[in-house]
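Written out below as structure tokens is the structure these notes cover.
No value in this document is a laboratory result; all are computed from the given coordinates. These numbers come from a predicted model, not from an experiment. Here Cβ is always computed from backbone atoms with ideal geometry, including for glycine, and neighbour counts include all displayed protein chains.
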Amino acid sequence: MSLVNFTTREITCKIVYYGPGRSGKTTNLHYVYGRVPEVRRGRMVSLATQTDRTLFFDFLPIDLGQISGFATRFQLYTVPGQVYYNATRRLVLQGADGVVFVADSQARQLDENLESLQNLQSNLLEHGVDVRTMPLAMQYNKQDLPRELILSPADLDDALNFRSVPSFAADALHGTGVFETLKGISELVLKRLAAGSTA
Amino acid sequence: MTTALNVKYSFDTFVVGAANRLAVTAGRTVAENPGAAYNPLFVYSCSGLGKTHLLMAIGQAAKKLAPGLNIEYLTLDEYVEAFHAAIAAGQGDAFRRRFQGVDVLLVDDVQFLAKRKEMQSELLRLTEALQVAGHQIVLTSDRPPGEIADLDERLISRFSGGLVVDIGPPDYETRVAILRRKAEERAARFAPGVLETVAGAAFDNVRELMGALNRLVAYQAVNETEINAATAKQLLGLKAEAAVPAGAAVSRGAAPAGDEFGQFLADVTVGLGKAVEAWRARVAEAILRWEGEGYRTRRLEALLEQEAPTAVDDAIGAYEKDVERLKMLETEVAQLDPQASGQSLFRDPERLADAEATAAQVRTGAAPPPGPSAAFSLTSYAVGPSNDVAVSAARDVIARPGKKYNPLVLVGKSGLGKTHLLNAIGLELARAKGAVVASLSTQAFIDELIAAIDGDRVDWWRARYRRATALLLDDIHLLAGKDRTQEELFNLFNLLLDKERQLVFTAPAAPSVLEGLEERIVTRLGGGLVAELSEPDRDLKRHFLEQALAQPGTPPDAALLDYLADRPVDSVRSLVPVLQRVVSAAAAQDVPLTAGLAREVLEGQPREARRSGGLRTSGIVVSSLGGVKSREKMVWDWPDVADRLIEEYR
């Protein structure tokens, strides 16, 4: 596993924010970027079109400093959501230590969510990774929209969370649930690290 | 009046982390070289991060390295109080004198200078005086100099003129290290994860951290039950991990409050603490600590590369023991021979054996004394009737060192080649297996002894020379009036003579006529052979010139050699500038080196040729190349007064 390098005493977690177009992946990263002290974060790289759609991917490196004697870094990526950027998505997914699936809570987006989820599964398979072994957290974004437009977290759990992975309700624009999600996925990744290093 | 340094506050008990590494390094440097490195050193940080500890550690380390230093630690308040008391008693001048005599002044909490104009000017005067005298000042404050309210501009610039460093709040890693060390000091043992939990709580301040630890220690002692991480959290009132479960309603537009990143960092820290096996964390922490102190950690890194090494703690313990040993050796070596300390092998536990060997060498003075200069070989030494006695004596000495002429004293005026011959003998003697040839100027010998006396390591200095198989001193007359050096040389002389080790000296005149030397030295110098080098004869000069002008394939012009060898010079050395002038003239005019050219350069051209140039001159012919040597000024005929006036008027 590339997560821990004992020789150089480095831990690097690559976390990929996945999900359909306009579900709020980049918004998550923007919110995190705004909360990380300047000395801890690298430059956020974001390639977007004029209408702010992610063209390639967003990348935000965060330096957590020395933890247990290990220089610890988190690298947060987003993938472009639009269907036709699948090659990029597959590329970004390579070597991921954890995935956050950002679902759009709007009822009319349910099919897009499902399609993206299936796309995640197949892209992981392309890398020879079974989605069941990959640390995964669900984030139900846009929960701040009017009730009549969105599905509740429970409904979304029923519709999307087949494997009962940790799920978080969020309003990424205002930050609610953003760090909780990040924390949730980090825990899963670190648990896997513990399992990996004792194996 | 001043507070005694608390022995508990030393560098050994100071836990170094990323946030305080710079300050500690600066502190150590200052303690090792008071007044020389950063003066003043100004350390600032929030309360409870170790300013006082660092200040006292500097004091103690400086005292340990140089016990004779006058070191004062006091808080600004104490200083103010003492000043007022002194003024009230009419002892202001005595007070000032007392502080101006301090070698290392450590003042804590100078932020209280704010709005105290009188004290500011007093401290300004004191810092000026101490700095001028090369004495060290270290100050601490809870804020940088520029932020102390109403602080005199001159004080700000003076405080900032040395080094201003801050100590940040300890990171998680350092907090764990501090907690472990303090728990160890209190002989308290905690279940795995407890100290990590406390450290994960992001205390900004070491005192609060200590308070938390003390609570746990007390609780565990009273209840006789082992605390686990959860109990510790509860006991210390740390927040339970906040999570937003998926089912919870999200209030519209409500932004989360507080330091989300800090909380996230703390959570990841705890998570990682659990994920990274405890032994790995311990090894990694040890690496960080010792790396930070400049030690090589290869052995510990090798542990990390293993899957499940056995006896990790023993390995770390053994490593730390080796480091402690290295520290001791380095300190010892630094006292005996400052030049030998600071070697990288004292920072590499893998080379402990080498470090031990080096220290043993230094202890016995094995650092070799200065040797002969390689520039003076015997083959390049020009020989002629004027020095053949000395040279043949030298050859005898080289063939049978210590047996035939001991000591050999080479006597002659300056520039006759005494130093060359001395070094040539040294070089030849040094060829022998196991030879330790000490060859140096008497002045260097005196300077070394002074430094040894100054550094309180005369025994080491003596040992260094006593193991020499030959001692060669240039210009022995410089011993005049140096009683202590004469005493040392007398003892060394006897010792080396007894062991049949060769002694060679040079002097401008026979030992018996040298002034300022003790009788016992003079008689001993005269006890071997005093070989005189006289003014160079023609053969010697020709030989010297031949060597100097030798070029591969083209032997020098015989007429030129004859001409130059006939020049009246009183030493070989004074032949060198003559030769240089001719050679550079030949190069400048791009003509071959010939006797004619040499004559032209050294004696000037016939008068008629000069006159044809239409110049009015004084008649004093100076070399066309500058490099005027009065000896080479030739007066062809006495100039008339008018000529001289014009020349001088120009």
Item checked: Surrounding net charge for A:Val83, when Lys and Arg each add one and Asp and Glu each subtract one, Cβ distance under 11 Å -> -1
Note to self: Through the Karplus equation 6.51 cos²θ - 1.76 cosθ + 1.60, θ set to phi - 60°, convert the phi angles of region B:123-132 into ³J(HN,Hα) values in whole Hz; use x for Gly and Pro.
What the structure shows: 5, 4, 4, 5, 5, 4, 4, 5, 5, 4
Note to self: Under 19 Å between alpha carbons, and skipping anything fewer than 8 positions from B:Lys182 in its own chain: which aspartates and glutamates qualify?
What the structure shows: B:Asp12, B:Asp171, B:Glu173, B:Glu196, B:Asp204, B:Glu208, B:Glu226, B:Glu285, B:Asp313, B:Glu320
Margin query: Please list, ordered by chain and number, the residues whose modelled amide H lies under 5 Å from the amide H of A:Ser167; skip anything fewer than 5 residues away on the same chain.
Written below: A:Met138, B:Ala246
Margin query: Distance between the C-alpha centers of region B:1-76 and region B:472-487? Whole Å please.
Written below: 43 Å
Notebook entry, point to check: Which ³J(HN,Hα) values in Hz, rounded to whole numbers, follow from the phi angles of region B:495-511 under the Karplus curve 6.51 cos²θ - 1.76 cosθ + 1.60, where θ = phi - 60° and Gly and Pro get x?
Noted result: 4, 5, 5, 4, 8, 6, 9, 6, 10, 9, 10, 10, 8, x, 8, 4, x
Check: Looking at region B:495-600, which trypsin sites (Lys or Arg not before Pro) are in a loop (DSSP not H, G, I, E or B) and have at most 15 other Cβ atoms within 10 Å?
Finding: B:Lys499
Checklist line | Nonlocal amide H pairs with B:Phe42, under 5 Å, H built at 1.01 Å | finding: B:Leu139, B:Leu163, B:Val164, B:Val165
Note to self: Tell me which trypsin sites (Lys or Arg not before Pro) from region B:1-71 have a DSSP coil assignment and no more than 13 other beta carbons within 10 Å of their own.
What the structure shows: B:Lys8
Checklist line | Helical contribution to [θ] at 222 nm, DSSP H n ≥ 4, -39,500 (n - 2.57), averaged over the protein assembly as shown, rounded to 500 | finding: -14500 deg cm²/dmol
Check: If the convex hull of the alpha-carbon atoms of the protein assembly as shown is projected onto planes in all directions, what is the mean projected area in square nanometres?
Finding: 60.2 nm²
Note to self: Please list 3J(HN,Hα) in residue order for region A:185-191, calculated via the Karplus relation 6.51 cos²θ - 1.76 cosθ + 1.60 where θ = phi - 60°; whole Hz, with x for glycine and proline.
What the structure shows: 5, 4, 4, 4, 5, 5, 4
Checklist line | Long-range amide H partners of A:Cys13 with built H, under 5 Å | finding: A:Arg73, A:Phe74, A:Gln75
Note to self: Beyond a 32 Å Cα-Cα separation, which of these cross-linked pairs lie in this structure: B:Lys63/B:Lys274; B:Lys327/B:Lys499; B:Lys64/B:Lys321?
What the structure shows: B:Lys63/B:Lys274; B:Lys327/B:Lys499
Next item on the list: Could you pull out the GluC sites (Glu not before Pro) across region B:504-588 that fall in loop regions by DSSP (anything but H, G, I, E, B) with no more than 10 other Cβ atoms inside 10 Å?
Entry: B:Glu515
Notebook entry, point to check: What list do you get for A:Asp130, A:Asp58 if you sort them by fewest beta carbons within 10 Å?
Noted result: A:Asp130, A:Asp58
Next item on the list: List A:Ser122, A:Ser105, A:Ser152 from most exposed to least, where exposure is judged by having the fewest other Cβ atoms within 10 Å.
Entry: A:Ser122, A:Ser152, A:Ser105
Item checked: Alpha-carbon gyration tensor eigenvalues x 5, square-rooted, for chain B, Å -> 72, 34, 28
Checklist line | Environment charge of B:Lys499, counting only residues whose C-beta is closer than 13 Å and scoring Lys/Arg +1, Asp/Glu -1 | finding: +2
Next item on the list: Only bridges with both residues in chain A count here: give the DSSP antiparallel percent, nearest 5.
Entry: 45 percent
Next item on the list: Treat the count of other C-beta atoms within 10 Å as a stand-in for reagent exposure and order A:Thr78, B:Thr523, B:Thr231 from fewest to most.
Entry: B:Thr523, B:Thr231, A:Thr78
Notebook entry, point to check: Can you list the aspartates and glutamates whose alpha carbon is less than 13 Å from that of B:Lys8, not counting same-chain residues fewer than 8 positions off?
Noted result: B:Glu185
Margin query: I'd like the distance between the alpha-carbon centres of region B:386-412 and region A:1-45, rounded to an integer number of Å.
Written below: 81 Å
